[in-house]
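Novice: Before I ask anything, here is the structure I am working with.
The values are calculated or read from the model by the stated rules, or taken from the named source; none is laboratory data. Here the structure is a predicted model, which means the values were calculated and not measured. As a convention, Cβ positions derive from the backbone with ideal geometry for all residues, glycine included, and neighbour counts pool all protein chains shown. The protein model used for the area step is the full one, side chains on, heavy atoms only, and it has no ligands, DNA or RNA in it. Shrake-Rupley method; radii C 1.70, N 1.55, O 1.52, S 1.80 Å.
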Amino acid sequence: MARRPARRTGRGGHRHCDGDRQRRPGLTVAEQWFGDGVGLSSFALVTVGAGVGCGISLHGRVVSGAYGVSGELGHLPVSGTERVCTCGNTGCVEAVASTQAIVDQVREQTGVGTLSLSGAVRLARSGDTAAREVFTRAGRALGLGIASVANPIGPERVIISGEGVAAYDLFSDEIRRAFADQAFGAAAGCELLVRPLPFEAWARGGAAMAAHRLLAPLPGRSGGAGRH
């Protein structure tokens, strides 16, 4: 079947996805070596920010997929929204839960067109019902998306991080509720760890990925640790 050309919006299309894809494996390797993935056979790292992505480690190996697009959690469809995503489709997790999507929705709901993310967070924390509902919807979309990843691969832990998680107190409970509603069988026992992403994690992720590539065996050599 022919692939439909991706539609682009006035917010820059999906250019940010390329940067997310490049950084995500490094962050996942860093978690595997130094962070909350140490000692785990399988885990997932969900990053929430300008986009929503997911790094996956299965049986000690970071999975990149045949075309480098594994873990595109942000473009999984979730029920309950018809918002247009940056990819051109409707109903994506990212269309509800990315930082810009949250800001856009709070602006729409409150009529305050100059709000920044920090302003939206302050408004929600002050008790504004409309703003809080936006964060609740974002949490539910993330929880449903994470369950859709956990159900087929059964990770021991899902780490939810990124600059968008600085306001985790506003949606972490809803992430957990939605995940519990949707997770099936053994996947329901997966631990969810919600925490902000320290600034130094980006540098650590880049260094970890460089070391990972350096240490990986050359193609054709026995062992195959670098062939995912």
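Novice: Any residue at all in the range 208-215 that is hydrophobic (A, V, I, L, M, F, W, C), open to solvent by 50 Å² or more (accessible area, probe 1.4 Å) and modelled with pLDDT of 65 or more? First the steps, then the outcome.
Specialist: Pass one, the range 208-215, residues hydrophobic (A, V, I, L, M, F, W, C): 208-211, 214-215.
Those still in the list that are open to solvent by 50 Å² or more (accessible area, probe 1.4 Å) too: 210, 214-215.
Still in the running and modelled with pLDDT of 65 or more: none.
No, the range 208-215 has no match at all.
Novice: Here is a list of conditions, (1) open to solvent by less than 70 Å² (accessible area, probe 1.4 Å); (2) within 18 Å of Val194 (Cβ to Cβ); (3) touching a Gly at 6+ places or on another chain (Cβ under 8 Å), and Arg140 meets all of them except one; can you say which number that is?
Specialist: For Arg140, the exception is condition (1).
Novice: Within the range 55-174, which helices (runs of 4 or more DSSP H) (wholly inside it) include 1 or more residues that are out of contact with any strand residue (DSSP E or B) (no Cβ under 9 Å at 6 or more places or on another chain) and hydroxyl-bearing (Ser, Thr, Tyr)? I'd like the intermediate steps shown before the answer.
Specialist: Numbers: elements: 94-97, 99-110, 117-125, 129-153.
Per the criteria, 99-110, 117-125, 129-153.
Novice: Now, a different point. Could you give every pair whose Cβ atoms fall below 8 Å, whose first residue belongs to the range 180-193 and is farther than 12 Å from Asn151 by Cβ, and whose second residue is in a strand (DSSP E or B) and of a type outside the set (D, E, K, R), counting only separations of at least 6 or pairs across chains?
Specialist: Listed by first residue and then by second, the contacts come to Glu191/Val158; Leu192/Val158; Leu192/Ile160; Leu193/Val158; Leu193/Ile159; Leu193/Ile160.
Novice: Right, next: Considering every residue within the range 1-18, establish whether at least one is farther than 25 Å from Asp128 by Cβ, buried (at least 18 other Cβ atoms within 10 Å of the Cβ), modelled with pLDDT under 85 and within 14 Å of the chain's Cα centre (by Cα). If you could, list the steps in order and put the result at the bottom.
Specialist: Of all residues in the range 1-18, those farther than 25 Å from Asp128 by Cβ come to 1-10, 12-18.
With buried (at least 18 other Cβ atoms within 10 Å of the Cβ) added as a condition, the list becomes 14, 16-17.
This time we only want the ones that are modelled with pLDDT under 85, so: 14, 16-17.
Okay, now just the ones that are also within 14 Å of the chain's Cα centre (by Cα), so 16-17.
Looking through the range 1-18, at least one residue is farther than 25 Å from Asp128 by Cβ, buried (at least 18 other Cβ atoms within 10 Å of the Cβ), modelled with pLDDT under 85 and within 14 Å of the chain's Cα centre (by Cα).
Novice: Considering each of Leu123, Leu115, Leu58 in turn, give the residue that is under 18 Å from the mean Cα position of the chain (by Cα), open to solvent by less than 60 Å² (accessible area, probe 1.4 Å) and not small (Gly, Ala, Ser).
Specialist: Details: Leu123 fails: under 18 Å from the mean Cα position of the chain (by Cα); Leu115 fails: under 18 Å from the mean Cα position of the chain (by Cα).
Residue meeting the stated conditions: Leu58.
Novice: Another question about this same structure. Just need a number here: residues in the range 22-62 that are modelled with pLDDT under 90, of a type in the set (S, T, N, Q) and within 20 Å of Ser148 (Cα to Cα).
Specialist: Total meeting the criteria: 1.
Novice: Next question, about the same structure. From the list Ala131, Ala166, Ala150, Ala124, which one is closer than 23 Å to Ala188 by Cα and of a type outside the set (D, E, K, R)? Give the derivation first.
Specialist: Details: Ala131 fails: closer than 23 Å to Ala188 by Cα; Ala166 fails: closer than 23 Å to Ala188 by Cα; Ala124 fails: closer than 23 Å to Ala188 by Cα.
Every option except Ala150 fails the conditions.
Novice: Would you tally the residues in the range 78-112 being on the phi > 0 side of the Ramachandran plot and either of a type in the set (Asp, Glu) or buried (at least 17 other Cβ atoms within 10 Å of the Cβ) (or both)?
Specialist: Filtering the range 78-112 for residues on the phi > 0 side of the Ramachandran plot gives 80, 88, 91, 111.
If we keep only those that are either of a type in the set (Asp, Glu) or buried (at least 17 other Cβ atoms within 10 Å of the Cβ) (or both) as well, we get 91.
Count: 1.
Novice: Can you tell me how many residues in the range 143-179 are over 25 Å from Ala120 (Cα atoms), in contact (Cβ under 8 Å) with a residue 40 or more places away in the chain and open to solvent by 30 Å² or more (accessible area, probe 1.4 Å)?
Specialist: Count: 5.
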